[in-house]
Each structure stands twice: as structure tokens, then as C-alpha cells.
Protein chains: 2
Amino acid sequence: MQARITLDDVAALARGCAVLGTGGGGDVRSGAIAARRAIRERGEVPLVTLGDLPDDALVLPLSGIGAPTVSHEMIHAEDEPVRIKEEIERIFGRGPAAVMSSEIGGANGVAPVAWAARLGLPLLDADAMGRAFPEVQMVSLYVAGIPANLVIMSDAVGNVVTIRPVDGLWSEAIARAVCVASGSSALMADYVLTAKECAGAVIEGTVTRALAIGRATEGAQDPLGALTAELGAVRLLTGKVTDLERRTTGGFARGTVTVEGTGDDRGRTLTLEIQNENLVAVEDGVVRAMVPDLITVVDTQAATAIQTEGLRYGQRVTVLAWPCDPLWRTPKGLETAGPRAFGYDLDYRPVETIAGRA
Amino acid sequence: MQARITLDDVAALARGCAVLGTGGGGDVRSGAIAARRAIRERGEVPLVTLGDLPDDALVLPLSGIGAPTVSHEMIHAEDEPVRIKEEIERIFGRGPAAVMSSEIGGANGVAPVAWAARLGLPLLDADAMGRAFPEVQMVSLYVAGIPANLVIMSDAVGNVVTIRPVDGLWSEAIARAVCVASGSSALMADYVLTAKECAGAVIEGTVTRALAIGRATEGAQDPLGALTAELGAVRLLTGKVTDLERRTTGGFARGTVTVEGTGDDRGRTLTLEIQNENLVAVEDGVVRAMVPDLITVVDTQAATAIQTEGLRYGQRVTVLAWPCDPLWRTPKGLETAGPRAFGYDLDYRPVETIAGRA
């Protein structure tokens with residue numbers, strides 16, 4: 001593991017986070033811009049592990065909340081993290097010792113570099129999803145049984161809202177409402193917990209993993225092959241985008257994307273169901289991959305991830321799918337973020353089982 | 001002034017608060033039920049003035065927020081005030097010394113008796129409106145220039161939300177969104193301030209005034225005459241309800257009511273525009289009274305106030321209007337809660353001026 005995130009790391013981190021974003025998680029470019037600017041102004045950001053922190057050190061899990069269509073215009077890198085830190089000092093009588101990404105997938109995986117730099121804090125090499133998810137309660141901390149008892153939100157205007165929800169579902173409902181009232185975009189601390197509480201409740205090593213994914217394609221002769229190998233992914237289909245249906249409702253970007261196979265895949269058609277993230281991939285009425293496993297659309301040539309908002313008719317793409325963190329395959333994990341949590345009447349089957357690999 | 005609110009006072013207080021509710025402010029019956037139950041269980045509630053409190057004593061202005069059509073089913077008298085008190089103790093390191101009604105009009109004028117009893121605290125003989133208003137920022141504290149920097153909300157489920165808004169308008173937008181997410185009903189502390197800060201920023205004596213209004217009709221030969229005299233009101237029209245249009249949107253009960261004159265008023269028609277409260281009274285295209293002056297529909301026989309939700313076709317009613325507190329007639333007061341604040345393109349004229357009295 002490296003000791004700090006440098007200016008040169010930001011591009012690889014952003015590429016990796018985009019791949020882990022499974023189509024959602026906000027636009028990584030805005031996160032990368034914010035991260036570079038903050039590193040230039042405040043210096044490189046130390047990357048620490050849980051073992052580097054005292055047991056009682058406060059970890060601050062941060063994420064942007066909002067529809068990707070709106071939040072890519074927001075940076076959340078100036079006063080918002082400072083206001084959240086001040087609120088934590090008021091509540092706990094001490095400030096946080098490290099920033100953690102709540103969601104390594106998408107902009108929320110990159111922007112914490114900026115937030116940590118602004119606060120003069122290290123970044124924890126961990127997150128609470130191992131990917132991107134659209135709802136506040138879909139975090140490893142919730143699955144691990146840590147009560148969702150504190151959410152702090154800060155918007156671009158300067159409003160600060162502290163929520164003490166009775167559970168994760170109320171947390172999501174209220175935070176989403178506050179987000180919409182704040183112009184559909186806010187910075188959020190979801191849980192504030194000690195390093196000791198983080199052990200076993202966060203997904204460790206995910207910043208390092210995002211960096212490795214981002215670097216896998218650097219200078220590769222076969223970027224798609226290199227990325228597929230790094231991810232341990234199943235290639236679902238290579239083809240072109242032939243149909244796109246997108247809408248933003250209730251703070252979510254929803255839609256359906258159709259990819260028709262080309263080359264070896266000619267004659268096949270894959271449909272993706274999207275709620276901020278790519279959730280279900282269907283071919284001929286058969287599900288080939290489903291949430292919480294990761295499904296990402298990449299440019300077939302460059303193997304760069306294409307987010308939902310960047311999808312265009314006629315694009316040449318490959319759809320990859322690979323296993324989620326084992327935590328999401330537990331009964332509580334599937335209850336929280338399995339297909340039924342998103343309204344799909346499907347029994348979860350691991351992507352590698354469907355592909356006949358396991 | 002009396003020293004405490006007794007079980008026997010609740011009915012008169014509720015009648016007075018209903019009159020001051022100008023058609024809105026929630027159903028006083030739910031507030032009265034909660035107040036009686038709390039007094040029975042916890043004892044009578046001391047009524048104090050600002051002068052009775054030390055300068056640094058914390059005053060807790062409480063109100064229910066939500067559409068009247070929903071909130072009449074809610075009582076907010078059990079755990080909600082306790083949770084707000086606990087949050088104040090967390091934030092200020094000490095608890096409140098007195099409860100204040102944020103809004104003397106409607107249920108929010110009566111229910112604070114219950115909230116004070118539950119908390120074992122006295123009730124301050126004051127409020128922040130002198131009537132009822134539909135929006136969070138429409139309070140004397142805002143007009144007096146006190147920054148709207150803290151709102152604490154507690155719902156029936158147990159969620160507690162603390163808002164540090166940049167101003168009163170953001171306070172309203174976020175609190176309303178949280179309210180809708182919480183099932184369109186919540187208990188709210190809007191501002192928490194010291195007794196010293198209250199001086200000149202709250203409307204004093206309004207609990208006593210509501211009691212006097214409620215008692216004016218008790219045993220009166222001519223209840224309508226007695227109430228009109230007590231209020232110093234202009235009688236706009238006596239007649240019957242001939243048209244009603246009501247809808248609940250965005251947490252507000254909106255509507256239009258038409259009253260056709262009977263008896264001496266035969267041939268005349270008055271129309272009331274409603275947004276939770278009665279805001280504008282128009283006769284033949286001429287405005288006869290408008291917000292922030294008070295407009296209340298009463299039963300012609302009993303002189304009891306009829307709230308918007310209680311209006312029915314064919315009811316025999318009299319529409320009364322009387323002057324608001326002078327604070328609402330200042331430029332900042334009119335900007336906050338004058339006709340334009342509700343979207344009516346009208347220049348404010350005092351009800352007594354329109355009536356040719358002044």
C-alpha cells in the first residue's frame with residue numbers, strides 16, 4: 001500500500017472508481033477536478049489503514065448525495081466538509097481523525113481525497129460499499145448491524161442538517177428529502193464512528209483496489225483484457241448501444257439501456273435496468289447478472305467505464321460483471337441491497353454461478 | 001395574569017386559539033385532548049412572563065408542523081418533546097427553562113400546555129406569531145432580525161432532525177421537506193433562545209389573550225357580539241357557505257370558500273382565499289381584509305371558530321376580521337407575511353382602514 005495520494009494518482013483513482021461505480025455514483029471527473037485542486041492547494045493526502053488509527057479515533061465517512069445528473073455540477077470541496085467537521089466537534093467534543101469514502105464507486109470514491117485535503121486529514125483505505133449504491137442505508141455499516149443513528153448533511157448554500165434516524169430506512173427517506181430541498185445535492189456524513197467500530201464493518205483496501213483497477217489499463221496492449229483480468233469479470237456482451245431511456249425522478253436517475261451484440265456477439269441483445277447504478281442485466285429474458293454484483297459498461301476500445309449519463313446511441317461498448325464483496329451476499333446484505341431491495345422479483349444468483357464458473 | 005393553566009382553562013384556551021387560528025393552525029381539539037391528559041397526569045402548568053425568567057434561561061418555542069388534514073390525528077405529546085429537550089441538552093449543555101408556543105393560533109396554541117406538562121416546565125405567556133401562519137419563517141423572531149440558525153424536529157417514529165439553516169426561507173424549505181418525509185407531521189423547535197433574546201422578539205401576553213377570547217363567549221347572551229367586541233373585529237359578512245374548494249398539496253391545505261349573505265347581508269358574496277389559514281377576503285372584486293390581519297369564520301349562533309377543515313356547505317357563518325400585531329405591519333413584517341409573501345399581488349391595507357374606521 002502506498003503512503004499517500006499524489007497528484008499523479010488522481011487519474012488512476014478516478015478511472016478505477018468509475019469502473020466500480022457501475023454506471024452511477026456521480027461523475028468521477030468532478031471528483032477528480034476537486035481532488036487535484038485540493039492536493040495542489042493543501043498537499044498530498046496520507047492514505048492510512050484502520051491499524052494506523054487509535055481505537056477511539058473518529059472516522060468520518062463522507063459522500064455526495066443527489067442525482068448524478070445534478071451532482072456532477074457540484075464539487076462539495078470548499079466549505080461543506082468544514083461545516084460537517086464543525087458539527088462533529090460540537091456533537092462529539094472532538095474532531096475526526098480520518099476521512100473515509102462512504103462509496104468507492106464513482107465521484108464519491110475520488111472526491112474524499114479533496115475533502116480530506118481540505119480538512120488536513122488522512123484518507124482511510126476503505127469504504128462502506130465496495131462499489132456504488134443509490135440509497136443511504138445500503139452501506140456495510142448497516143449490514144454489520146451498526147445503528148444508523150447519525151447523519152450530518154451540508155449543502156452548497158451553507159445549511160447543515162443533523163439527522164438522528166431510528167433506522168437506516170428512515171435515514172434514507174429523510175436524507176433524500178433534505179437533499180431534494182437543498183437543490184438535489186449535498187455532502188453527507190453517514191454515521192460517525194470510531195476506528196474500533198469500523199473493524200469488520202467497513203470494506204478495507206478499496207482505495208488501493210480502485211487505484212489498481214485504474215492502473216491495469218495504463219499502457220496495456222489490450223486494455224479490455226487487462227481490465228477484465230484485474231476485475232475477475234465475466235464479459236456479458238460486446239456490441240453497440242441501440243436504445244436508451246432515462247429519466248430523473250425523486251432524486252434518482254432511472255432508465256433502461258439496450259446493447260445489441262456485434263462481432264462474435266452478433267444477434268444477441270442485452271438489456272440493463274438502471275436506478276443510478278446498473279442493477280440487472282437481462283439477455284433473452286434470462287438474468288445474466290444482478291445487484292449486488294457489479295455491472296459496468298465500458299468503452300470496448302479504451303476499457304474506460306461509461307457512466308449512465310455518458311451513454312449515447314451507437315456507442316461501441318462491452319458490458320462486464322463481477323462478484324461483489326462477500327458481505328453483500330449474506331442474508332442481511334441481500335435484504336439491504338439485493339434485487340428485491342430495488343423492486344425486482346428475482347432470487348439472487350452470483351454472477352459467476354450464472355456464468356457457469358462456479 | 002393567572003399563575004397556572006388548570007384543567008378548567010383548557011376549553012377556553014382552545015376556543016381562543018381556534019379564533020386566533022384564522023382557519024388554520026391545526027385542529028384545536030387534538031391539542032386540548034393532549035393538554036387535558038398531560039395536566040391530569042403531570043399537574044397544572046405554571047404560566048410565566050419573560051420577567052419571571054433569568055436572562056440566560058433557555059426558552060423552547062415549540063409547534064407542530066404539517067398539513068392540518070394530517071396533523072389533527074397526531075398528538076405530539078409523548079416522546080417528541082422529550083427527544084427535542086434531550087437534543088437541546090446535547091447542543092447547549094443545559095435544558096430549556098420554559099416552553100413557548102411558536103404559534104398561538106390553532107392547535108399549536110393549546111398543545112404547548114401538554115408539551116410543558118410532559119417536560120415539567122412552565123409555559124411562557126407569549127408566542128411568535130400572535131395568530132397562525134403556514135410557514136416556518138413567518139415568526140416574530142425572524143422579523144425582529146434574530147438569525148434562524150437552529151431548528152430541531154422530532155416525529156412520531158422517533159427520528160430527530162437538527163437544522164442549522166442559513167436563513168428563515170431555507171429553514172422553511174428544509175423543515176417542510178423533513179416534515180413530508182416524516183409522514184407530514186412533526187414537532188418542531190424553531191429557534192432556541194435565551195429569555196433576554198426573547199425580549200422585543202416575541203409577542204407577549206398572547207396566552208392570556210387567547211384565554212380572554214375563549215372566555216368572552218362563555219354564558220354570553222349574544223356570543224357573536226361579545227366575541228366581536230373582545231377582538232375589536234370588523235364583521236365582514238353573515239351568511240351561509242355556498243361553495244368550498246379544498247386540496248392538500250406540498251404539505252399545505254389550500255382552498256377557496258364562498259359565503260353568500262343572508263338577512264341584512266342578503267345579495268352580498270364574500271370569497272376567502274386559504275393556504276392553511278384564511279388569507280384574503282374579497283367582496284365584488286374588492287379586498288376587505290388581507291393577511292397579516294386576522295380573518296376568522298365563526299358559527300353565527302355560537303360564535304365558535306370554524307377551521308378550514310370543518311367548513312361545510314350550508315353552514316351559517318359570520319366572517320370576522322381584526323388587526324394583527326403591529327410587528328406584522330412593519331416593512332420587514334409585511335415582507336415576511338404580507339399578501340405578496342403568499343403570492344397575492346396586493347398592497348397591504350389595514351383592515352380598519354378598509355372598513356373606514358381609521
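Just a few scattered comments:
- Cross-chain or 6+ apart pairs with Cβ under 7 Å, the stretch A:77-103 first and away from chain B (no Cβ under 14 Å) and under 10 Å from A:A189 (Cα atoms), then open to solvent by 60 Å² or more (accessible area, probe 1.4 Å) and of a type outside the set (S, T, N, Q): none
- Within the stretch A:1-35, being more than 20 Å from A:A212 (Cβ to Cβ) and touching a Leu at 6+ places or on another chain (Cβ under 9 Å) holds for one residue alone: A:G23.
A quick yes/no check of all residues on (1) closer than 18 Å to B:P326 by Cβ; (2) open to solvent by 20 Å² or more (accessible area, probe 1.4 Å); (3) touching a residue at least 60 places away in the same chain (Cβ under 8 Å); (4) away from chain A (no Cβ under 12 Å):
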position	(1), (2), (3), (4)
B:S140	yes, no, yes, yes
B:G145	yes, yes, yes, yes
B:A148	no, no, no, no
B:V151	no, no, no, no
B:V157	no, yes, no, no
B:D167	no, yes, no, no
B:S171	no, no, no, no
B:A181	no, yes, no, no
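Per-residue answers, yes or no, for (1) among the small types (G, A, S); (2) touching a strand residue (DSSP E or B) at 6+ places or on another chain (Cβ under 8 Å); (3) not assigned by TED's automatic domain parsing to the domain that holds B:V291:
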site	(1), (2), (3)
B:E309	no, yes, no
B:Y313	no, yes, no
B:R316	no, yes, no
B:W322	no, yes, no
B:D325	no, yes, no
B:T330	no, no, no
B:R340	no, no, no
B:G343	yes, no, no
B:R349	no, yes, no
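- Evaluating A:E135 against the criteria (1) within 14 Å of chain B (Cβ to nearest Cβ); (2) open to solvent by less than 10 Å² (accessible area, probe 1.4 Å); (3) not aliphatic (A, V, I, L, M) leaves one unmet condition, (2).
- Candidate set from the stretch B:12-42 (those that are surrounded by fewer than 24 Cβ atoms within 10 Å (Cβ to Cβ) and β-branched (V, I, T)); member that is nearest to the chain's Cα centre (by Cα): B:I33
- Residue match in the stretch B:183-194 (condition: without any contact (Cβ under 8 Å) to a residue 40 or more places away in the chain, under 19 Å from the mean Cα position of the chain (by Cα), open to solvent by 10 Å² or more (accessible area, probe 1.4 Å) and more than 9 Å from chain A (Cβ to nearest Cβ)): no
- Unique residue being surrounded by fewer than 24 Cβ atoms within 10 Å (Cβ to Cβ), within 21 Å of A:L20 (Cα to Cα), of a type in the set (A, V, I, L, M) and assigned by TED's automatic domain parsing to the domain that holds A:I295 when the list is A:A201, A:A212, A:A226, A:A216: A:A226
- Residue match in the stretch B:109-131 (condition: modelled with pLDDT under 90 and not assigned by TED's automatic domain parsing to the domain that holds B:T330): no
- Restricting attention to the stretch A:347-356, the residues that are modelled with pLDDT under 95 and surrounded by 14 or more Cβ atoms within 10 Å (Cβ to Cβ) add up to 1.
- Of the criteria (1) of a type outside the set (G, A, S); (2) surrounded by fewer than 23 Cβ atoms within 10 Å (Cβ to Cβ); (3) more than 13 Å from every other protein chain (Cβ to nearest Cβ), which one B:R176 fails: (3)
- Of all the listed residues (A:T256, A:T242), the sole one being part of a strand (DSSP E or B) and within 16 Å of A:R316 (Cα to Cα) is A:T242.
- Residue list for the stretch A:277-308, restricted to those being assigned to a loop (DSSP other than H, G, I, E, B), open to solvent by 10 Å² or more (accessible area, probe 1.4 Å) and of a type outside the set (S, T, Y): A:D284, A:G285, A:Q301, A:A302, A:I306, A:Q307
- Residue among A:A116, A:A199 that alone is in contact (Cβ under 8 Å) with a residue 24 or more places away in the chain and out of contact with any strand residue (DSSP E or B) (no Cβ under 6 Å at 6 or more places or on another chain): A:A199
- Restricting the stretch B:309-346 to residues that are out of contact with any helix residue (DSSP H, G or I) (no Cβ under 9 Å at 6 or more places or on another chain) and under 19 Å from B:G105 (Cα atoms), the residue that is most open to solvent (accessible area, probe 1.4 Å): B:R329
- Within the stretch B:244-265, the residues that satisfy the criterion of being in contact (Cβ under 8 Å) with a residue 24 or more places away in the chain and surrounded by fewer than 22 Cβ atoms within 10 Å (Cβ to Cβ) are B:L244, B:R246, B:T248, B:G250, B:G251, B:F252, B:G255, B:G261, B:T262, B:G263, B:D264, B:D265.
The values are calculated or read from the model by the stated rules, or taken from the named source; none is laboratory data. Treat the numbers as computed from the prediction; the structure is a model and nothing was measured. Quick reminder, even Gly has a Cβ in these numbers, built from the backbone with ideal geometry, and neighbours come from all protein chains shown. Surface areas here come from the heavy atoms of the whole protein model, side chains and all, with no ligands, DNA or RNA. Shrake-Rupley method; radii C 1.70, N 1.55, O 1.52, S 1.80 Å.
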